[in-house]
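The values are calculated or read from the model by the stated rules, or taken from the named source; none is laboratory data. Being a predicted model, the structure only gives us computed values, none of them experimental. Don't worry about glycine lacking a Cβ; one is built from the backbone with ideal geometry, like all the others, and counts go over all protein chains shown. Ligands, DNA and RNA are stripped out before the accessible areas are found, and what is left, the full protein with its side chains, is counted by its heavy atoms. Shrake-Rupley method; radii C 1.70, N 1.55, O 1.52, S 1.80 Å.
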Amino acid sequence: MVDYLIVGSGLAGISFAEVALLNNKSIMVIDDNSQSSSKIAGGLYNPVILKRFSEVWKAKEQLEIMRSFYETVESKLKSQFDYKKPILRKFFSIEEQNNWFTASDKPSLSPFLSLSLVTKKYEGIDSPFNYGEVLHTGYVDTASLLQSYKEYLLHLECFREETFDYSKITFGDDCIQYKGKEFRNIIFAEGFGIHSNPYFNHLPLDGTKGELFIIKAPMLKLDVIINTSVFILPLGDDLFKVGATYNWKDKNDVPTEEGKVELVDRIKEIINCEFEIVEHFAGVRPTVKDRRPLIGTHSEFTQIHLLNGLGTRGVMLGPAMAKALFEKIEYQVPLDKEIDINRIKPKHYIR
Ligand SMILES: Cc1cc2nc3c(=O)[nH]c(=O)nc-3n(C[C@H](O)[C@H](O)[C@H](O)COP(=O)(O)OP(=O)(O)OC[C@H]3O[C@@H](n4cnc5c(N)ncnc54)[C@H](O)[C@@H]3O)c2cc1C
């Protein structure tokens, strides 16, 4: 009998796969490429919500777990995925500068917001009001991480490319059968694909579409990440990842003209040199109204679990949420009430 059948190999699914393997559990992972959020993500991690100047929920804890998670995966797969890089907030006025210094006085933010102004001039950007630097930041190359992890799982013979068929589950006494095989548990990690899942599609995961570009800008000389209304992330060879938009109406992975216009306008607010759009991507983030992940076990079928709702921060949240769910299943460690699917009021339960 296999310990875990994992549906989805985005950031959530591979995080759980890795925690399970590290704990000597057997796994099988299924994915059908129907969602692309993790693959196309900016991959940034940043412990501060710059728009509201507040600390990301449990940022220190998440950073610690993610550091050791990506380090372990890097050494196992012999590739680099986690690139530690400063994130700079470009100021557009003295008032914005002042707001930064007020925020950096808050005890929760002082470990993360540098008190020194960054006055360096980057070619291709006018910055009369300079920058503030967020500390403990960087990005994970999610596309290459997911590809390498999939190859690793294929090598272990525990990955299958197929669509999960929910009608093919049957429940035994202490196992689940799926297409002739026995599993102890199923972890559903389908991101926005949760809407096809009859066990969990009553949960309030709305999804927020995001679009981003890869641009080529030979005159832009930048070795740090700039994050204002959009982020600009240097990839080398004059290429930059730029994103992202937030659209609450569209729920598909198709890049749009509207998204393109918005991103071009935003880029022009930050840089003053020419650029060419090389690629244009879109994906749907698995966002939840109360901005907390959806983690837990089905109320009726106790071998069925959910790892979803990573929202806009899958890179930081994935490893921490996978660990929390694993410890809940294996050692009955209670989940934090804020992430537990039991927090969702019964009126949502229509099953
Ligand atoms: C434009 C954009 C920019 C972003 N930037 C960042 C960023 O900078 N930093 C950050 O931390 N986060 C970012 N995010 C958010 C991040 O991508 C998400 O938090 C994360 O990808 C969610 O991961 P997931 O594994 O839950 O979902 P997904 O990545 O959607 O993965 C779900 C997987 O399940 C598979 N699946 C679904 N249904 C089935 C089925 N029935 N059968 C088989 N397989 C199935 C899908 O094919 C998919 O591979 C961004 C997202 C977008 C769209």
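What the table shows:
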quantity: Residue within the range 325-338 that is under 13 Å from the mean Cα position of the chain (by Cα) and not in a loop (DSSP other than H, G, I, E, B) present; calculated: no
quantity: Unmet criterion (only one of (1) open to solvent by less than 90 Å² (accessible area, probe 1.4 Å); (2) more than 26 Å from the chain's Cα centre (by Cα); (3) more than 16 Å from the ligand (Cβ to nearest atom)) for Ile169; calculated: (3)
quantity: Some residue of the range 73-83 being aliphatic (A, V, I, L, M) and either more than 24 Å from Pro234 (Cβ to Cβ) or in the same structural domain as Lys179 (by TED's automatic domain parsing) (or both); calculated: no
quantity: Qualifying residue in the range 272-279 (condition: assigned by TED's automatic domain parsing to the domain that holds Lys168 and without any contact (Cβ under 8 Å) to a residue 60 or more places away in the chain); calculated: no
quantity: Single residue of the range 123-141 satisfying the filter (touching a Pro at 6+ places or on another chain (Cβ under 8 Å) and either among the aromatic types (Phe, Trp, Tyr) or part of a loop (DSSP other than H, G, I, E, B) (or both)) that is surrounded by the fewest Cβ atoms within 10 Å (Cβ to Cβ); calculated: Leu135
quantity: Selection status of Val29, modelled with pLDDT under 95 and outside the structural domain of Asp105 (by TED's automatic domain parsing); calculated: no
quantity: Unmet criterion (only one of (1) within 16 Å of the ligand (Cβ to nearest atom); (2) within 30 Å of Tyr70 (Cα to Cα); (3) in contact with a strand residue (DSSP E or B) (Cβ under 7 Å, 6 or more places away or on another chain)) for Lys181; calculated: (2)
quantity: Output for the range 180-230, where each listed residue is open to solvent by 10 Å² or more (accessible area, probe 1.4 Å), out of contact with any His (no Cβ under 7 Å at 6 or more places or on another chain) and assigned to a strand (DSSP E or B); calculated: Lys181, Glu182, Arg184, Ile214, Lys216, Asn227
quantity: Selected residue [among the aliphatic types (A, V, I, L, M), out of contact with any Asp or Glu (no Cβ under 6 Å at 6 or more places or on another chain) and near the ligand (Cβ under 7 Å from one of its atoms)] from Leu63, Leu44, Leu21, Leu50; calculated: Leu44
quantity: The range 142-158, residues that are over 19 Å from Lys78 (Cβ atoms) and either open to solvent by 40 Å² or more (accessible area, probe 1.4 Å) or within 12 Å of the ligand (Cβ to nearest atom) (or both); calculated: Glu157
quantity: Unique match (being assigned to a helix (DSSP H, G or I) and under 14 Å from the mean Cα position of the chain (by Cα)) among Ser38, Ser9; calculated: Ser38
quantity: Ser299 being in contact with a helix residue (DSSP H, G or I) (Cβ under 6 Å, 6 or more places away or on another chain), assigned to a loop (DSSP other than H, G, I, E, B), among the polar types (S, T, N, Q) and open to solvent by 30 Å² or more (accessible area, probe 1.4 Å); calculated: no
quantity: Counted residues, the range 96-122 - those being open to solvent by 80 Å² or more (accessible area, probe 1.4 Å) and at pLDDT below 95; calculated: 6
quantity: Complete set of residues in the range 294-309 that are in contact (Cβ under 8 Å) with a residue 24 or more places away in the chain and among the hydroxyl-bearing types (Ser, Thr, Tyr); calculated: Thr297, Ser299
quantity: The listed residue being over 30 Å from Gln303 (Cβ atoms) and without any contact (Cβ under 8 Å) to a residue 24 or more places away in the chain, out of Leu88, Leu115, Leu109, Leu135; calculated: Leu115
quantity: Residue list for the range 239-251, filter: open to solvent by less than 30 Å² (accessible area, probe 1.4 Å) and among the polar types (S, T, N, Q); calculated: Thr245
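One line per residue, one yes/no per condition, for (1) among the charged types (D, E, K, R); (2) near the ligand (Cβ under 9 Å from one of its atoms); (3) at pLDDT 95 or above; (4) surrounded by 14 or more Cβ atoms within 10 Å (Cβ to Cβ):
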{"position": "Leu233", "(1), (2), (3), (4)": "no, yes, yes, yes"}
{"position": "Asp237", "(1), (2), (3), (4)": "yes, no, yes, no"}
{"position": "Asp253", "(1), (2), (3), (4)": "yes, yes, yes, yes"}
{"position": "Thr256", "(1), (2), (3), (4)": "no, no, yes, yes"}
{"position": "Arg266", "(1), (2), (3), (4)": "yes, no, yes, yes"}
{"position": "Glu269", "(1), (2), (3), (4)": "yes, no, no, no"}
{"position": "Gly283", "(1), (2), (3), (4)": "no, yes, yes, yes"}
